[in-house]
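Chemist: Take a look at the following structure, please.
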Amino acid sequence: MKHLLTTLLLLMPAFVFAEDPAKHVKADEAAKIIAEGKVAIIDVRTAEEFKDGHITGAQNIDIMAADFETQLTKLDKTQPTLVHCQAGGRSMRALKVFEKLGFTNLIHLDEGFGGWEAAGKPVEK
């Protein structure tokens with residue numbers, strides 16, 4: 001029984017990541033993707049967080065807003081979409097909503113806006 005449990009725990013990450021619809025990138029790779037100009041940047045933080053600083057060109061759609069899904073339905077589901085929050089937790093939850101709504105080209109900014117700032121990337125206020 002102990003070996004079965006160990007095997008299941010070792011395989012669990014594969015199952016978790018197999019269902020993840022997004023490509024995961026750090027700040028440097030995200031900056032390259034953004035520089036190409038073909039990606040929608042969706043910041044799922046609060047309006048207050050967004051106002052304090054955000055990635056240039058980002059659109060703020062707060063994951064905690066009652067109309068979060070409705071706002072997402074207005075976006076182009078086929079356009080590459082970079083999703084982020086402050087550290088990665090809320091945006092990982094948001095990815096599930098994007099996938100449910102049929103988005104086909106999702107990119108997750110691992111480490112979020114905090115990682116973006118720590119990497120010295122430009123911030124708009």
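Chemist: Return the residues of region 73-89 that are under 21 Å from K125 (Cα atoms) and surrounded by 17 or more Cβ atoms within 10 Å (Cβ to Cβ); say none if nothing qualifies.
Modeler: Matches in region 73-89: L82, V83, H84, C85, Q86, G88.
Chemist: A follow-up question, please. Please work out which one of (1) surrounded by fewer than 18 Cβ atoms within 10 Å (Cβ to Cβ); (2) touching an Asp or Glu at 6+ places or on another chain (Cβ under 7 Å); (3) among the small types (G, A, S) is the condition G114 fails and give its number.
Modeler: Against the list (1) surrounded by fewer than 18 Cβ atoms within 10 Å (Cβ to Cβ); (2) touching an Asp or Glu at 6+ places or on another chain (Cβ under 7 Å); (3) among the small types (G, A, S), G114 comes up short only on (2).
Chemist: So T70 ticks every box in (1) loosely packed, with under 15 Cβ neighbours inside 10 Å; (2) outside any helix (DSSP H, G or I) but one. Which box is left unticked?
Modeler: (2)
Chemist: Now for a different question. Any idea how many residues of region 99-125 are in contact with a Ser or Thr (Cβ under 7 Å, 6 or more places away or on another chain) and part of a helix (DSSP H, G or I)?
Modeler: Residues meeting the conditions: 1.
Chemist: Restricting attention to region 100-120, which residues are out of contact with any strand residue (DSSP E or B) (no Cβ under 7 Å at 6 or more places or on another chain) and more than 12 Å from A27 (Cα to Cα)?
Modeler: Answer for region 100-120, where residues must be out of contact with any strand residue (DSSP E or B) (no Cβ under 7 Å at 6 or more places or on another chain) and more than 12 Å from A27 (Cα to Cα): K100, L101, G102, T104.
Chemist: Turning to a different aspect of this structure: Do we have K77 as assigned to a helix (DSSP H, G or I) and either of a type in the set (D, E, K, R) or touching a Ser or Thr at 6+ places or on another chain (Cβ under 6 Å) (or both) here? Show your work before the answer.
Modeler: On the way: assigned to a helix (DSSP H, G or I): no; either of a type in the set (D, E, K, R) or touching a Ser or Thr at 6+ places or on another chain (Cβ under 6 Å) (or both): yes.
Considered against the rule, which asks whether it is assigned to a helix (DSSP H, G or I) and either of a type in the set (D, E, K, R) or touching a Ser or Thr at 6+ places or on another chain (Cβ under 6 Å) (or both), K77 comes out as no.
Chemist: In region 18-29, what residues are without any contact (Cβ under 8 Å) to a residue 12 or more places away in the chain and loosely packed, with under 14 Cβ neighbours inside 10 Å?
Modeler: If the condition is that a residue be without any contact (Cβ under 8 Å) to a residue 12 or more places away in the chain and loosely packed, with under 14 Cβ neighbours inside 10 Å, then A18, E19 are the ones that fit.
Chemist: Next question, about the same structure. Residues of region 30-64 being assigned to a helix (DSSP H, G or I), surrounded by fewer than 17 Cβ atoms within 10 Å (Cβ to Cβ) and β-branched (V, I, T), which ones?
Modeler: none
Conditions (1) closer than 12 Å to F113 by Cβ; (2) in contact with a strand residue (DSSP E or B) (Cβ under 8 Å, 6 or more places away or on another chain); (3) among the β-branched types (V, I, T), marked per residue:
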{"position": "H54", "(1), (2), (3)": "yes, yes, no"}
{"position": "D62", "(1), (2), (3)": "no, no, no"}
{"position": "A65", "(1), (2), (3)": "no, no, no"}
{"position": "T73", "(1), (2), (3)": "no, no, yes"}
{"position": "T78", "(1), (2), (3)": "no, no, yes"}
{"position": "V83", "(1), (2), (3)": "yes, yes, yes"}
{"position": "R90", "(1), (2), (3)": "yes, no, no"}
{"position": "A94", "(1), (2), (3)": "no, yes, no"}
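Chemist: Right, next: Between a residue in region 103-119 that is closer than 15 Å to S91 by Cβ and any residue that is among the aromatic types (F, W, Y), which pairs come within a Cβ distance under 7 Å, given they are 6 or more apart or on different chains?
Modeler: L106/F98; L109/W116
Where a number appears in this text, it was derived from the coordinates with a stated rule and is not lab data. The structure displayed is predicted, hence computed values, not measured ones. All Cβ positions, glycine included, derive from the backbone under ideal geometry; neighbour counts span all protein chains shown.
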